[in-house]
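Taken together, the values in this text are just the output of simple stated rules run on the coordinates, not laboratory data. Computed from a predicted model, the values in this text were never measured in an experiment. Note that each Cβ is placed from the backbone with ideal geometry, even for glycine, and that neighbours are counted across all protein chains shown.
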DNA sequence: CAGCACGGCGCG
DNA sequence: ACCGCGCCGTGCTG
């Protein structure tokens with residue numbers, strides 16, 4: 001029996017899931033009431049920076065409209081500006097009708113099929129064909145960050161004794177996998193991946209005299225895959241504390257020395273596949289991923305990277321991790337047999353799609369079936385971890401010290417504590433989260449690999465502490 | 001003015 | 001044709 005009486009039945013178990021889902025509820029209520037402080041002035045500055053950048057880019061983009069078309073564009077928009085870069089429709093017209101880019105290439109259409117897609121993936125592939133493309137991508141990034149974050153967040157902030165505080169709504173019954181969701185605003189998608197994005201994230205601050213503590217589960221989904229699939233090679237790597245992506249590359253490319261593994265051409269694709277298999281990654285999907293990776297790095301894609309090569313790559317991966325292959329096959333079999341799959345805690349998901357006559361729908365159902373036992377297990381681990389952390393924080397608060405959980409972000413928990421106690425609290429909370437799968441009675445770890453976390457103490461929320 | 005579908009994109 | 005979310009602006013309709 002785990003913390004809070006949670007079991008690992010390994011079969012559908014509604015009572016167990018009810019108990020698991022209730023576990024973090026008191027903490028969730030607290031988090032919504034406590035809220036997160038933001039630096040509204042900083043967000044204002046960022047908004048200005050982004051606005052400036054956007055008008056510069058807008059001018060540059062306009063300059064690429066051939067003079068013969070300028071009047072047509074002006075008329076269409078009915079404004080004094082020629083083109084609205086925020087309009088995918090107008091960008092598609094510029095790129096594919098006026099500039100006639102990508103002729104001869106098989107350009108992907110939008111899901112509705114109404115027009116050619118101008119999504120990031122597609123534009124990355126065309127990046128080298130015309131100088132306007134990177135400008136559009138840059139504009140899109142700035143526009144997204146400005147409208148969704150820099151401008152929107154301050155409007156939702158409430159004045160609370162001198163600080164501006166954001167209160168999100170955490171949804172506990174929104175997802176099909178047991179994850180939590182966040183809305184008004186969504187604080188689970190605050191930027192982190194780009195330089196500009198990190199500026200936004202750094203506008204989330206600790207209250208005066210406090211520190212933010214971020215603790216995230218390290219590769220939790222891969223570790224759970226290793227455990228649930230009893231995947232021998234993965235278990236060995238995680239037990240010995242090795243780099244799973246480097247190990248994969250050594251196996252796939254038959255390299256004996258970890259130092260000889262090349263990052264761009266070997267470790268990165270392996271990392272993509274290691275994460276991607278949990279989502280049901282296909283050869284086409286991997287190919288896209290690699291193309292975008294190279295394009296983003298500003299490099300031409302080597303001609304040995306083909307769909308066929310990606311197929312071989314994935315086959316090789318499942319040859320190496322053959323227990324993982326069997327595990328996914330078991331989930332697919334269950335999905336077809338019962339139209340249902342379940343995770344280690346007994347959470348179920350119906351997947352009637354696997355009986356569809358439409359192949360595309362059927363495959364989507366199978367990917368969902370393969371993904372659920374892993375994503376749901378990770379969500380369950382997080383719920384136990386959260387409840388254990390809250391027990392510790394309650395004790396700390398009882399001695400008059402400020403200590404509050406602020407926000408769960410799927411495999412990360414953001415905590416706020418009196419600056420004086422940050423180091424101690426970080427260590428305690430990391431320990432609690434890492435003990436999520438430890439049996440309360442025997443003290444035994446109910447997982448074949450250790451559950452690890454990484455923690456950092458900050459005054460501003462950011463990935464690089 | 002409100003509501004909707006769509007394309008697009010932020011995060012884990 | 002890569003899983004799970006929520007939210008933005010556009011373009012259109014009632």
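Packing, as the average of other Cβ atoms within 10 Å across residues, places the peptides A:188-195, A:428-435, A:450-457 in the order A:428-435, A:450-457, A:188-195, highest first. For region A:222-378, averaging the sequence separation of C-alpha pairs within contact (under 8 Å, six or more residues apart) and dividing by the residue count gives a relative contact order of 22 percent.
Ordering of A:282-290, A:362-370, A:376-384, A:63-71 by packing is A:376-384, A:362-370, A:282-290, A:63-71, highest average first (other Cβ atoms within 10 Å, averaged per residue).
Summary of packing: across the peptides A:50-58, A:103-111, A:241-249, the per-residue average of other C-beta atoms within 10 Å ranks them, highest first, as A:241-249, A:50-58, A:103-111. Panel order for A:21, A:303, by other beta carbons found within 10 Å of each beta carbon, from fewest to most: A:303, A:21.
Dividing the Cα radius of gyration of region A:189-309 by its Kirkwood radius returns 1.04 for Rg/Rh. Entry note, chain A: relative contact order of 24 percent, from Cα contacts under 8 Å with a spacing of 6+ residues. Rounded to two decimals, the Cα radius of gyration of chain A over 2.2 N^0.38 Å is 1.08. Taken along its three principal axes, the alpha carbon spread of region A:222-378 comes to 46, 38, 23 Å, from the longest extent down to the shortest. Using C-alpha pairs below 8 Å separated by at least 6 residues, the relative contact order for region A:360-465 is 21 percent. When the Cα centres of region A:43-66 and region A:165-191 are compared, how far apart do they sit, in Å? Their Cα centres are 31 Å away from one another. Mean residue ellipticity at 222 nm, helices only, chain A: -15000 deg cm²/dmol; runs of at least 4 DSSP H residues each add -39,500 (n - 2.57), and the sum is divided by the number of residues.
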